[in-house]
Structure formats: structure tokens, C-alpha cells
Amino acid sequence: MMLPDGLKCLAGAVALGACLCQAQATAVKPSSADLVGLPPSIASASAPGRVLAAAPAPRSNWSLYPASPTFGVGLADTYLIGAALGVLDYAGLHHLDHPVQQQTSGIWSIAKSPQFPAELIGLTLAGAIWEGGNSRLGKTLWQSVDAAAMAGISTQALKWTFQRSRPSATNNPNQWFQGVHQQSFPSGDVSSITALVTPIILEYHQTNPGVDALAAIPVFDMAARIKAHGHWMTDTVAGAVVGVASGYFAHRLNSPFILGLLPGGFYMGMRESFR
């Protein structure tokens, strides 16, 4: 029996959730990449075949999500959150969307350039490479890189799943499953930028509350993408939620995932070469 596309998405999300629950219920031994940044005594005790002597201190005083040993679990969780929003949007939230007057001049011209998120990602990556993973700032920047990768992968998967037409192509916000080239839901720009700033805000909010002002960057990009007819409003909201989820899950990892795949020199950082 052929199912409507919306039900296929929902069934796929439920199946993925079942697999995810099984993965989270299975004990996972920490890999060498997970031991980056831990004190030697803890890292050696955490190696396979040895008894754990001590557990690393939590990175913050609150947590809705336990520290995860895998990048993949966070990625699957992020996709599930976005898929749930997509199903809700398909089911009726799209009625909140309506065409707006297009405006791409002045400060809104940034929405026409796909280079803006790429430049922010490049700046974050450059800072991470400079700092390395041996400092609080460096580790946080590497977590932002992880979050951007997580958001990019999950967002693209969601675009291929829901295939929504952009406002530049139609005045009807209820155009779903129009082909893989229709990729309005969710906003990739917003998800990437939100993912970059989220680990920084989570890490420094308590000691430097002024860092919360970074949230203004994705909010501005949300408005710019809507005015440029690049996305519907609910596309940008879903992108922001996916970005926050990616940043949160990346921040809860025991150690930055991408940094753990790189040679040890990246952990020390380029700054050490100039000392």
C-alpha cells in the first residue's frame, strides 16, 4: 500500500527513533577520540580493559541530555527534532506562513550571499585551529565546528525529506514534496549560524553573560532570509531549533569529535608554535 509522503516521513522518523533508543540503551566504551582533553589519569583509566578511576566533571551545572560518547547519536537526535517540526509544519503550522514584501537592499543584502555562513564557519575553524583543544576557548570553538557539521548534515537530510518550495518559487506555503531540488525546509543558513554560537553561549553564559548577544546573529539572519524570499518563517524557526539542538548535543560530547579525527598537533594549536 502506498503511503502519503507525510506519513512516510513520520514512519521513517519513528523507525529512526526506535534505533536511537536502542543505541542510547547500549553501553558504549569511550574511544581514544573521546579521551581528548581529559587529565592523563582519567584518560588512562578510561582506556578499554581498565577500570574507570574517576569521571570527568560536568561541563555545566545543568543538563537536559547526558554526555554522549558518540557524534552519531547527537546527529540522529537532531534529525528527529527537525523531522518532528517538519511533520507539524506539514500538518498545519504552514498556515502561519505568508508572503512578505521582498527586500534585499541595505543591511538585508547579506541574505543574497551564501558566503555569510561560510565566512562564520571559516572564522570559527581558524580560531579553533589557532587555540587547539587544550584550552577552554579552543575546546568550545571545536565544539562549534562539530555543531556546524551536525547541523549541516541533518539540515540537508531534512531538505531531501520534505522538499518544500521556496517563497521565491510560489506564494503557497503548503507546497511539500515537490522534488529534491526544492529545499526550503529548514533554513540551512540559520541552522549553521545558530549551531556555531550555541556552544559558546552554553559554555560562557554563567561567567560572561554578555556572550548571549551572539544570539542576535542568527535572529538577524532569520529575518534577512524571510525578506529575501529564501525561506518561509517556519523554515527559519525550524532551522534555529535544529541549530540549537546541534550546538547543545555537540557541547555535551565528552570531547570534540572532529578534533579527535585530526593529528595531535591540532590539539596543541598553532599558538604553541609561536611561543
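The values are calculated or read from the model by the stated rules, or taken from the named source; none is laboratory data. None of the values given here were measured: they were computed from a predicted structure. Please note: Cβ atoms are built from the backbone with ideal geometry, for glycine as well, and neighbour counts cover all protein chains shown. Protein only, heavy atoms only, side chains kept; ligands, DNA and RNA dropped before computing areas. Shrake-Rupley method; radii C 1.70, N 1.55, O 1.52, S 1.80 Å.
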The range 170-201: number of residues that are at negative phi, without any contact (Cβ under 8 Å) to a residue 60 or more places away in the chain and exposed (fewer than 15 other Cβ atoms within 10 Å of the Cβ): 3
Failed condition for Trp232, given (1) open to solvent by 40 Å² or more (accessible area, probe 1.4 Å); (2) among the aromatic types (Phe, Trp, Tyr); (3) within 22 Å of Ala83 (Cβ to Cβ): (1)
Every pair of residues 6+ apart whose Cβ atoms lie under 7 Å, when the first sits in the range 202-214 and is within 13 Å of Arg136 (Cβ to Cβ) while the second is open to solvent by 40 Å² or more (accessible area, probe 1.4 Å) and not aliphatic (A, V, I, L, M): Val211/His205
Checking Tyr65 against (1) open to solvent by less than 40 Å² (accessible area, probe 1.4 Å); (2) modelled with pLDDT under 95; (3) touching a Leu at 6+ places or on another chain (Cβ under 8 Å), the condition it does not meet: (3)
Residue ID - nearest to Ala228 (Cα to Cα), chosen from residues in the range 87-98 that are open to solvent by less than 70 Å² (accessible area, probe 1.4 Å) and out of contact with any Gly (no Cβ under 9 Å at 6 or more places or on another chain): Asp97
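Could you check the range 145-166 and list, in sequence order, the residues that are part of a loop (DSSP other than H, G, I, E, B) and surrounded by fewer than 24 Cβ atoms within 10 Å (Cβ to Cβ)?
Gln163, Ser165, Arg166
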The one condition in (1) open to solvent by less than 30 Å² (accessible area, probe 1.4 Å); (2) not in a helix (DSSP H, G or I) that Ala250 fails to fulfil: (2)
Given (1) at pLDDT below 90; (2) touching a Ser or Thr at 6+ places or on another chain (Cβ under 9 Å); (3) of a type outside the set (A, V, I, L, M); (4) open to solvent by 30 Å² or more (accessible area, probe 1.4 Å), index of the condition Asn134 fails: (2)
Qualifying residue in the range 140-158 (condition: within 20 Å of Met222 (Cβ to Cβ), more than 14 Å from the chain's Cα centre (by Cα) and among the hydroxyl-bearing types (Ser, Thr, Tyr)): no
Hits in the range 163-189 - residues which are among the basic types (Lys, Arg) and out of contact with any Gly (no Cβ under 8 Å at 6 or more places or on another chain): Arg164
